[in-house]
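Report on one structure; see the data block that follows.
The values are calculated or read from the model by the stated rules, or taken from the named source; none is laboratory data. In this text, all values refer to a predicted model and were calculated from it rather than measured experimentally. Every residue, glycine as well, gets a Cβ built from its backbone with ideal geometry; the counts of neighbours run over all protein chains shown.
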Amino acid sequence: MQKKNKIPREFIWPSSERLQTLDELAAPVVDLGGFLSGDEESTLRAAGLVAAACKVHGFFQVTNHGVDLTLIAAAVDCLDAFFRLPSAISSEPAAPRQPLWLRRRPCAPLLLQPPLEGDPLLPPSTPPPSPAPATTPWVYQRYCEAMEELSLAIMDLLGVSLGWGGTLQERLRAGSSIMRCNYYPACPEPELAMGTGPHCDPTAMTVLHQDLVGGLEVFSGGRWRAVNPVSGALVVNIGDTFMALSNGRYKSCLHRAVVNRNQERRSIAFFLCPRDDELLRPPEDLVGDGAAAAGDRRKYPDFTWSELKEFTQKHYRADTKTLQSFSEWLLRPRRSS
């Protein structure tokens with residue numbers, strides 16, 4: 001008879017994708033304190049660390065980031081309260097266009113998209129049981145606002161590291177950004193399963209709070225490497241949108257989340273996205289006449305975030321070839337309706 005602690009066969013990943021992680025990712029821990037206070041020397045030092053990481057794999061961690069740690073703790077408490085709700089409610093997908101969305105499967109994350117301002121946590125037809133995380137909408141609203149401000153500041157730091165003369169803040173502020181809470185239950189056979197499968201983020205930037213359990217991994221240098229947690233730090237990685245904005249100079253890297261045999265793991269991801277109709281192209285500093293003369297020509301066509309979002313949601317799973325495949329899709333002749 002099959003043991004109860006075995007995972008269902010349909011959740012076993014192919015052996016080719018269950019590579020062993022042996023090394024830690026060489027991702028710098030960047031102190032943002034001096035940059036955020038306007039210190040020029042600290043800004044240049046931080047920009048150098050960020051540039052070195054983004055040219056190789058696009059991941060780094062930040063400390064002294066200015067986000068209140070009590071706000072982060074409150075967001076985690078709301079996550080815990082939500083996932084303690086009865087499974088009949090917490091595993092029921094919300095109706096289309098509702099602010100709540102999640103899915104449950106063994107050894108996989110539970111996903112929660114927070115409400116927009118003024119929206120309830122749960123669909124109106126589903127009264128929350130007791131105890132209900134009544135402060136969740138307010139906490140997540142504050143958390144998203146704080147993460148957006150931090151993300152936009154880091155965008156400016158990325159601009160400094162690339163030698164841009166302008167700022168991307170106005171192009172990314174008030175975009176269609178989202179936040180997602182992940183809960184990974186302890187898994188009896190972590191060597192056979194995956195928390196979140198390998199993917200690249202199609203967004204501009206991801207800012208992740210992960211607990212101290214660990215499990216985030218990045219594929220770099222031909223192998224999977226662990227992004228080990230640093231207490232009080234946030235993990236930052238650029239996505240395909242920013243890779244395109246940097247004309248391919250900075251990398252959107254393949255990453256995944258693995259599960260733990262003995263401990264549950266929680267994380268909160270904030271995805272910085274442009275407005276749907278924002279036309280995205282690299283600054284002239286990177287693709288103008290001088291750059292073209294040096295051989296740094298345009299690698300990707302102009303596009304909008306809504307076009308890339310449609311491509312990754314309906315036509316192609318985000319991976320290391322997303323931008324190239326997306327470019328070919330954009331340039332392909334379309335049939336008139």
- Test set (1) over 11 Å from the mean Cα position of the chain (by Cα); (2) within 23 Å of residue 50 (Cα to Cα); (3) surrounded by 22 or more Cβ atoms within 10 Å (Cβ to Cβ) - residue 184 fails condition number: (2)
- Does residue 218 fit the bill of being within 27 Å of residue 281 (Cα to Cα), touching a Lys or Arg at 6+ places or on another chain (Cβ under 6 Å) and of a type in the set (A, V, I, L, M, F, W, C)? yes
- Message: Only one of 41, 10 is at pLDDT 95 or above, part of a helix (DSSP H, G or I) and acidic (Asp, Glu). Can you tell me which?
- Response: 41
- Task: Could you list all residues from the range 50-63 that are polar (S, T, N, Q) and buried (at least 16 other Cβ atoms within 10 Å of the Cβ)?
- Result: 61
- What are the pairs, 6+ residues apart or on separate chains, where a residue within the range 65-77 that is touching a residue at least 24 places away in the same chain (Cβ under 8 Å) and buried (at least 18 other Cβ atoms within 10 Å of the Cβ) has its Cβ under 7 Å from a residue that is of a type in the set (A, V, I, L, M) and in a loop (DSSP other than H, G, I, E, B)? 65/32
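Results for (1) buried (at least 22 other Cβ atoms within 10 Å of the Cβ); (2) touching a residue at least 12 places away in the same chain (Cβ under 8 Å); (3) closer than 17 Å to residue 199 by Cα, shown as yes or no for each residue.
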| residue | (1), (2), (3) |
| --- | --- |
| 229 | no, yes, no |
| 233 | no, yes, no |
| 239 | yes, yes, yes |
| 247 | no, yes, no |
| 255 | yes, yes, yes |
| 260 | no, yes, no |
| 265 | yes, yes, no |
| 270 | yes, yes, yes |
- Query: Within the range 184-201, can you find the residues that are modelled with pLDDT of 75 or more, touching a strand residue (DSSP E or B) at 6+ places or on another chain (Cβ under 9 Å) and either closer than 20 Å to residue 83 by Cα or part of a loop (DSSP other than H, G, I, E, B) (or both)?
  - Reply: 184, 185, 186, 196, 200, 201
- Filter result for the condition that a residue is part of a loop (DSSP other than H, G, I, E, B) and either touching a strand residue (DSSP E or B) at 6+ places or on another chain (Cβ under 6 Å) or at pLDDT 70 or above (or both), over 159, 175: 175
- Query: Failed condition for residue 222, given (1) over 27 Å from residue 68 (Cβ atoms); (2) touching a residue at least 40 places away in the same chain (Cβ under 8 Å), with all others met?
  - Reply: (2)
